[in-house]
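**Q** First the structure, which I've put down as structure tokens, then a few questions once you've had a look.
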Amino acid sequence: MNGSNAARGKQAVLYGILVLVLLWTLVPIFWMVLSSFKSSADLLSTTPKVIFTPSLEHYIALFATSNLWGYIQNSLLAAGISTVIAVVLGCLAGYGLSRSDFRGKHHVAFWIISTRMAPIAAVILPLFILFRYAGLLDTTAGLVIAYLTFNLPFAIWIMNAFFADLPPALEQAAMVDGATKFQAFWRVALPVTAPGIVTTAILCLVFSWNDYAFAVTFAGPDSQTLPIAAAQLNTQTGLNWGQLSAIGTIVVLPMMVVGLAVRRYLVAGLTLGAVKE
Amino acid sequence: MAATPAAENQSRRQPKNGGPRISLEMKMLLPVLFLLALLSLFPFLYIIFMSFNTVSMIGGISFDFAGLDNWTRMFTDEVVGAAWLRGILYFLATVGLELVLGIGMALLVHELVWGKNLALSLLLLPMFMAPVIVGLLGRFLTDGTYGLYAWFLNTTGVFQQDILGTPSSALLAVILMDVWEWTPLIMLIVLAGLSSVDQATLEAAKVDGAGYWQRLRHVVVPAVSGIVVVALLIRSMDAIRYFDVIFITTNGGPGNATKIIPIRLYETAFRFFDLGYAAAIGLGMLAFSILVANAFVAILKRRGLAR
């Protein structure tokens, strides 16, 4: 029996399965991007076309017929501002939580995490009435607050996990050298945790950029975000698959890029610190 | 920087003189927790208040105290009961499939010799997509006239009806859309567990003549089972949270075929404007998600990660 032949055979089978799995994963994405560059005639062919002359028709139409720049701006503002607030406050509170010990700490921790897990449909309900009283419907500020309901507890919890990983000896050494407690946090703990902070920020950004349920309930003409614009293309009388593919591509590509940029830290971030690589 | 050893001592020890002093940690923590309380506890108390009222939106918002009406109604409402059952079925099917496929994919990627990083990056792509785009893309692919997947199923003769318009296939389709997006997450988490399996033990088992399946069963499974449970709970919590895919594809239809509980809640609130009743349903969902969160924290504690 030839061991290396058996190993090679096993690898061939593995890569065969891998190709199937990759097809399952990538065909829809590939098809969306491809369709966004097809002319309407090619798109509406009843047999799917893979070879065609690329056209920017749908992108041009999107920018010409809708306020796409406005939607992009609304999305960036709502997601960006809530991310910045969540990460700054998450660093402060996460550090405070990881370095303190008080009675009932686990109750506080449980409250924080259960806030993050509350079903969106149930959260929307009271916020809708409260926002209506406060005049926050159809404002970017309202969306920022809505996104903070999940981004803030997420950032506190995950930064707590990242800081808890840091040996307190580092900060103690700085304090022996004369740094105050805050300086030890600011100049030692924070820089060392930089990858964790970036991961937290990117995940907050992805969660809020990708939101549909909050935005469709709270946003109006002045605060409409990209996912809402995409959904509206689909409910108009003629279903415009070309423009839909184009806007879909615009929504998903930036998040794929930033998401993969922190791939090494994704496991820690997405498991809320329960698993670390 | 003025270095005073005395200051170091003082900052580390509890002050023995004077009144209670708030430590820096508390100063960093408490204001943020106060803000979180505003964001979460206040709406939480408010939804409880709503659930005991008939909330009307006509001509401004008005509340009429209704006692336990909404609650008794919820426990006798057959449509809501069916939506709960369908929701649990949807939840078990998506999370179950994602778990099985995700573990399979993790085992596959873990064994790859070359191109492992590239394969992993490509396989992760769906989970960065906005769920609403996944739903819209799903509609595109299953469209009876122009959809790639509909064309494929039609040409091969596997399925020739309207995919999202037929009750049984619609439910399966929305389940598969969720599975497509979130299986990579399970794969990623399980893969992290597989990489942490002790190589020396694996080698020893190999030397002792244990085959792949034996090593898997006796070395790998015990080592990664904890992480698999974490993956399961993380995915479960988000599966309860989100309803975007169904919301944008079938919105509960055809008939009630895909009407899971969050969809029923949303239409009760924002189509029938029965907000008090929706509040009671929402609290029911919240109770369910708190049960899952409890399990998650219990697991974390056992793994020594939450104190």
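**Q** Here are B:Leu300, B:Leu265, B:Leu291, B:Leu286: which of them is surrounded by fewer than 18 Cβ atoms within 10 Å (Cβ to Cβ), hydrophobic (A, V, I, L, M, F, W, C) and part of a helix (DSSP H, G or I)?
**A** That would be B:Leu291, the only listed residue that is surrounded by fewer than 18 Cβ atoms within 10 Å (Cβ to Cβ), hydrophobic (A, V, I, L, M, F, W, C) and part of a helix (DSSP H, G or I).
**Q** Considering only residues that are in contact (Cβ under 8 Å) with a residue 60 or more places away in the chain and part of a helix (DSSP H, G or I), look in region A:124-144 and name the one that is farthest from the other protein chains (Cβ to nearest Cβ).
**A** Here the answer is A:Thr140.
**Q** I've got another one for you. From (1) outside any helix (DSSP H, G or I); (2) crowded, with 20+ Cβ neighbours inside 10 Å, pick out the condition that doesn't hold for A:Gly178.
**A** So A:Gly178 meets the others, but not (2).
**Q** Going residue by residue through region B:57-79, is there one that turns out to be within 13 Å of chain A (Cβ to nearest Cβ) and under 26 Å from the mean Cα position of the chain (by Cα)?
**A** no
**Q** Could you please give the count of residues in region A:261-272 that are in a helix (DSSP H, G or I), surrounded by 17 or more Cβ atoms within 10 Å (Cβ to Cβ) and among the hydrophobic types (A, V, I, L, M, F, W, C)?
**A** Residues meeting the conditions: 4.
**Q** Can you name every residue in region B:235-262 that is more than 24 Å from A:Leu272 (Cβ to Cβ) and assigned to a loop (DSSP other than H, G, I, E, B)?
**A** Of everything in region B:235-262, those that are more than 24 Å from A:Leu272 (Cβ to Cβ) and assigned to a loop (DSSP other than H, G, I, E, B) turn out to be B:Thr250, B:Asn251, B:Gly252, B:Gly253, B:Pro254, B:Gly255, B:Asn256, B:Ala257, B:Thr258, B:Lys259, B:Ile260.
The numbers here are math on the coordinates, done by the rules we state, and not lab data. In this text, all values refer to a predicted model and were calculated from it rather than measured experimentally. Quick reminder, even Gly has a Cβ in these numbers, built from the backbone with ideal geometry, and neighbours come from all protein chains shown.
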